[in-house]
Amino acid sequence: MVGTILSNFWVALIAFTIYFLFSYPFIEGMGIILEACIISFGFFLLTFLARAIISYIISNPQEEIEDIPIADDAGILKSEISPEDYAELVKTMLEEDEKPNTI
């Protein structure tokens, strides 16, 4: 955690320095310093967000297609057989039960 805060301070210091140097004609010194402080604080907070996004991407790799579970065959068969087919199957089974077993 300390390393994260220190690296965020480095990013804020770099943002402060760049903004301060790009506003070279130092006509209004206090306004430039105030704006540079606001920008550095913004970059300090944005660094936390960037680190959170990077850690989320690294810790949660996308699932491969092979890892996605496939529906079992029984579920597929249930959806493919119509009620008429079930009725025909039951009638056939009942007719087989009524026939005497001849061995």
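Within the stretch 1-35, being under 18 Å from SER55 (Cβ atoms) and not in a helix (DSSP H, G or I) holds for one residue alone: MET1.
Of note, PHE26 satisfies the criterion of being over 28 Å from the mean Cα position of the chain (by Cα) and at pLDDT below 85. Taken over the stretch 54-103, the residue count meeting the criterion of being at pLDDT 75 or above, outside any loop (DSSP other than H, G, I, E, B) and farther than 30 Å from THR4 by Cβ is 16.
If only residues of the stretch 12-37 that are surrounded by fewer than 14 Cβ atoms within 10 Å (Cβ to Cβ) and of a type in the set (Ser, Thr, Tyr) are counted, the one that is farthest from VAL2 (Cα to Cα) is TYR24. Restricting attention to the stretch 38-49, the residues being of a type in the set (A, V, I, L, M, F, W, C) and either free of Cβ contacts under 8 Å to residues at least 12 places away in the same chain or exposed (fewer than 15 other Cβ atoms within 10 Å of the Cβ) (or both) number 6.
The values are calculated or read from the model by the stated rules, or taken from the named source; none is laboratory data. As the structure is a prediction and not an experimental result, all values here were calculated from the model. A quick note on method: Cβ atoms are made from the backbone with ideal geometry, for glycine too, and the neighbour counts reach across all protein chains shown.
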